[in-house]
Amino acid sequence: MRSIGTTGIHHVTAISGDPQRNVDFQAGLLGLRMVKKTVNFDDPETYHLYYGDGAGSPGTIMTFFPWKTAPKGRIGAGQLVTTSFSIPADSLGYWTERLVEGGVRFERPRDRFGETVLTFSDPDGLRVELVAAHDARDGWADGPTSADDSIRGFHHVTLAVEDPERTAQLMTGTLGFRQAEEMEGRTRFVTGEGGPGNIVDLSGAAGFPRGAMGVGTVHHVAFRVPDEEAQLALREEVSARGYDVTPVLDRNYFRSIYFREPGGVLFEIATDPPGFAVDEPPEELGGHLKLPPWLEKRREHLEEALPPLHLPAGTGDRA
């Protein structure tokens, strides 16, 4: 079996509160496409909502477990602390105005590694950034923002760990990343050709309080591999390094393995295929409640238990 490391960020999964409020912010204000409305396979009476670009491409997918009764989380050491999206380099003014109009408070724009960064929080307290970058990926033309200004996908994620060196050894020795730049206690790692979607920043968090999982925090980050063969080879490498890695799990839209990196962040390795069009046409992504085969017998009960959702104006009435 071959091993090529990972090829960038696949998705990020976070915990939110009210599901409709989550839809309003992610699909409405941020203008992401809802690409899949399904359930948490381990807690089927809870939604699992997927957002992304127009095609539901790996590297653009932000997902949420909306648990209204879950306690508030605390962002801290041992977590992915900030999720950063890429916007066109000349769209910063557009997004500043959009956030103001949406009543979202944001920090003063600042420079990081030669790019301008706008930082804010979603309604649940999840830390989000927009990075004005040169990004060749297409924008989504059918959302509430124009294709010229729309979010392109992930730019990078930031991990806060007490001993960055141990995490760095995993990133460079096994996962296919290489160290690129450093500034202000932050070290940037890139994979492949680098650029948006292929970046992880490590931030030293020695002495900081540990994060606590809950609403407003990230549950895990997933990195891409092209197929199951590459995934199995990487699983062998991770296991050989002494990590407790799960068997391959079928997530319907990708295959997954999970393990915790030395700083405590939950890592997932996810395959690009089969993708989100496996159970509904590309033009109808996110339009129906989709269940894995083993939950279809519970559909009637789940449709009654799950709260109704609607997409905001300008996103199409598919939810």
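Some notes on this structure:
- When the alpha carbon coordinates of the chain are projected onto the principal axes, the ranges are 47, 46, 37 Å, largest first.
- On full extension, the segment bounded by E45 and R241 gains 66.9 nm, given 0.36 nm per residue less the C-alpha separation.
- For T46, nonlocal amide neighbours, meaning residues 5 or more places apart or on other chains whose placed amide H falls under 5 Å from its own, are N40.
- Modelled spin labels at W294 and V278, positioned 7 Å past Cα toward Cβ, are 1.4 nm from each other.
- Extended-chain gain in nm, criterion 0.36 nm per residue less alpha-carbon gap, F120 and K68: 16.5 nm
- Scanning residues 5 or more positions from D272 or on other chains, those with amide H under 5 Å from its amide H are V225, D227, with H placed 1.01 Å from N in the peptide plane.
- Proximity of backbone amide H atoms, modeled 1.01 Å from N, is registered between G214 and G73, R74 at under 5 Å, excluding neighbours fewer than 5 places apart on the same chain.
- 3J(HN,Hα) from dihedral phi, the stretch 218-229, Karplus parametrisation 6.51/-1.76/1.60, rounded to Hz, x for glycine, proline: 8, 7, 6, 10, 10, 10, 8, 9, x, 6, 5, 4
- Highest-first arrangement of 35-46, 94-105, where packing means the average Cβ count within 10 Å: 35-46, 94-105
- Straightening the chain between I4 and E107 buys 33.2 nm, computed as 0.36 nm per residue apart minus the Cα-Cα spacing.
- Between the stretch 65-137 and the stretch 1-39, the alpha-carbon center distance in angstrom: 14 Å
- Of the trypsin sites (Lys or Arg not before Pro) found in the stretch 51-91, those that fall in a DSSP loop while having at most 14 other beta-carbon atoms within 10 Å are K68.
- If you bin all the Cα-Cα distances of the stretch 235-319 at 5 Å, starting from zero, the percentages per bin are 3, 11, 15, 16, 15, 14, 12, 8, 4, 1, 0.
- Computed from phi, the 3J(HN,Hα) profile of the stretch 63-72 under the Karplus parametrisation 6.51, -1.76, 1.60 (θ = phi - 60°) reads 10, 9, 9, x, 10, 5, 9, 6, x, 5 Hz, with x in place of Gly and Pro.
- Counting DSSP beta bridges with both ends in the chain, the antiparallel % (nearest 5): 65 percent
Every read-out reported here was derived from the displayed coordinates using simple, explicitly stated rules and does not represent laboratory data. Because the structure is a prediction, the values reported are computed rather than measured. Here Cβ is always computed from backbone atoms with ideal geometry, including for glycine, and neighbour counts include all displayed protein chains.
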